[in-house]
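Just so it is clear, none of the values below were taken in a lab; they were calculated from the coordinates. These numbers were taken from a predicted model, which means no experiment stands behind them. Virtual Cβ from ideal backbone geometry, glycine too; neighbours counted across all protein chains shown.
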Amino acid sequence: MTVLPLDFGDSADLERLRRGFRAWLADNPLPARTPGEPVPVFLHRWHRILHSGGWVGLDVPREYGGRGLTSLHQVAISDELGARGAPGVPRIGYLAHALLEFGSAEQRHRLLPRMLAGDDVWCQGFSEPGAGSDLAGMSTRADRGADGRYTVNGQKLWTSYAQYSRLCLLLARTDPDGPPHRSLSAFALPLDRPGVTVRPLRAANGDDEFCELFLDDVHLAESERIGPEGAGWALAMTTVAYERNALDTGHLPKYGLLIERMRHHALEHRGTLPDGLLSDIGRCVVDYQVLVAHSRRRTAERLAGRAAGPESSVDKLLMTRTEQRLYETALKVFPEELHGPGGEVFGDYLYSRAASVYGGTSQIQRNIIAKRLLGLPADGRG
């Protein structure tokens, strides 16, 4: 089974882009991570190297620091990186597209070039202790005063690498009496603003990626709001649509590499594998191929100008199933990675357990599919 790289039926210009990127990678290989260097610091170094070659923000217009190409061109770069086991293009594409769609001209010109270049590191302040998957139920408030300024109070959770970030794309409720989905607004929050406290959390795999964010009488100017009041939900849906496409995130090539590794192992040890393990590997292959086809379709819809919608919940469920089954099976195939030095598969397995929680729990995704795609009644009756 050929999985590297993915075949998109490349046009001539896309194939030229791939060849140019491969040549650039040959002269600019992935740098080594120095001992003790935090993961986000290492990834930021890689971000700047990629940007120096013009490989970040390919689908962002030139006037905002990009190259004015298509989503497929950016996907091809992510695919090439994943095929080499390298970290993907910095996962700022979803934030960049939120700013492109909802930001003012001044905000786009001011914020996007610095975001793409890595001059400003961003994080995402959506989830809360009592509203992780149900964003419409968030309690963080942004109260507007007579002078037009907002005072923000509340708490955010699972704010990835906030301790290394300068700005946060923050969601808060600006109309406490309005409909839940139409009373949220988005802001570009400087994390050095008085009243902001960032507290890292240690995950099961030892990483300190997740953070709590405490907001106590934090003042934001009207110019720091992204889009009109009440547009926060629509902005959030645009953001998560890019997070949930496995082609955008560069997950697919990583999955493909591990599947190929398992397949070769199975061929070499066919007679000694435990009962049922070949079937488990086969299910991983099927999951992967279904996710590939689905991700291609979603990318094609975007290229055709179709806006992101509740269909992204299907993407999230498929990616969760693929990732969790893949790493669970990989530990059966490579049990030695459960102990001793290394253990990359075990670390990925631990991280994969969160896939059914982050970005909206699987239960919430099924509710969205039932209500918004299938039109089922909320009370479960026909």
I need the per residue convex hull volume for the stretch 244-373, using only the alpha carbons, in cubic angstrom as a whole number. 111
In whole angstrom, note down how far apart the Cα centers of the stretch 273-313 and the stretch 49-89 are. 22
Can you give the extra length, in nm with one decimal, that the chain gains between Ala307 and Arg149 once fully stretched, where that is 0.36 nm per residue apart less the Cα-Cα distance? 53.7 nm
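Per 0.36 nm of contour for each residue apart, how much would the distance between Val357 and Ser11 grow if the chain were fully extended, relative to their Cα-Cα spacing? Present the calculation step by step, with values, prior to reporting the outcome.
Values: separation 346, 0.36 × 346 = 124.56 nm, distance 3.74 nm.
Gain in length upon complete extension: 120.8 nm.
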Kindly express, to the nearest 10 degrees and within the range 0 to 90, the angle between helix 232-243's C-alpha long axis and the longest C-alpha principal axis of the chain. 20
Cross-link partners of Lys332 among lysines (Cα-Cα below 29 Å; sequence separation of 8 or more within a chain): Lys254, Lys316
Highest GNM mean-square fluctuation, the chain, Cα pairs closer than 10 Å: which of Thr238, Thr151, Thr140? Thr151
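Grab the Cα-Cα distance for Arg182 and Glu106, subtract it from 0.36 nm times how many residues apart they are, and report the gain in nm with one decimal.
Numbers: separation 76, 0.36 × 76 = 27.36 nm, distance 2.45 nm.
Between Arg182 and Glu106, full extension yields an extra 24.9 nm.
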Between Asp275 and Ala204, what is the FRET efficiency for a Förster distance of 25 Å, r being their Cβ-Cβ separation, to the nearest 0.05? 0.25
Please compute the contact order of the stretch 255-339 in relative form: average sequence separation of alpha-carbon pairs under 8 Å and at least six residues apart, divided by the residue count, as a percent. 44
Round to the nearest 10 and give me the degree value, 0 to 90, for the angle of helix 251-268's Cα axis relative to the longest principal axis of the chain. 20
If one compares the long axis through the Cα atoms of helix 71-83 with the longest principal axis of the Cα atoms of the chain, the angle in degrees, nearest 10, works out at 50
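Taking other Cβ within 10 Å of each residue's Cβ, how do Asp134, Asp217, Asp207 sort, fewest first?
Ascending Cβ contact count within 10 Å gives the list Asp217, Asp134, Asp207.
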Mind checking which of Ala307, Ala188, Ala32 has the largest fluctuation in a GNM of the chain, springs on alpha carbons under 10 Å? Ala32
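Let me have the relative contact order for the stretch 122-230, percent, based on Cα pairs under 8 Å that are six or more residues apart. Before the final figure, lay out each step's value.
Details: 268 pairs, mean separation 33.2, N = 109.
30 percent.
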Using only the alpha carbons of the chain, what is the convex hull's orientation-averaged projected area in square nanometres? 21.2
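For an R0 of 45 angstrom, estimate the FRET efficiency from the Cβ-Cβ distance between Arg22 and Glu222 and round to the nearest 0.05.
0.45
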Relative to the Cα centre, what is the charge dipole magnitude of the chain, using +1 at the beta carbon of each Lys and Arg, -1 at the beta carbon of each Asp and Glu, and rounding to the nearest 20 debye? 560
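Please report the antiparallel percentage of DSSP beta bridges with both residues in the chain, rounded to the nearest 5. Please list the in-between numbers first.
Numbers: 25 of 30 bridges.
Antiparallel bridges make up about 85 percent of those DSSP assigns within the chain.
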Highest-fluctuation residue, Ile364, Ile259, Ile92 considered, GNM on the chain with Cα pairs under 10 Å: Ile364
Could you work out the local net charge near Val198, counting Lys and Arg as +1, Asp and Glu as -1, over the other residues with Cβ closer than 12 Å to its Cβ? +1
Could you tell me the relative contact order of the stretch 147-297? Use alpha-carbon pairs under 8 Å, at least six residues apart, and round to a whole percent. 24
Using modelled amide H (1.01 Å from N, peptide plane; none on Pro or chain starts), what sits under 5 Å from the amide H of Tyr161, excluding residues fewer than 5 places away? Phe210, Cys211
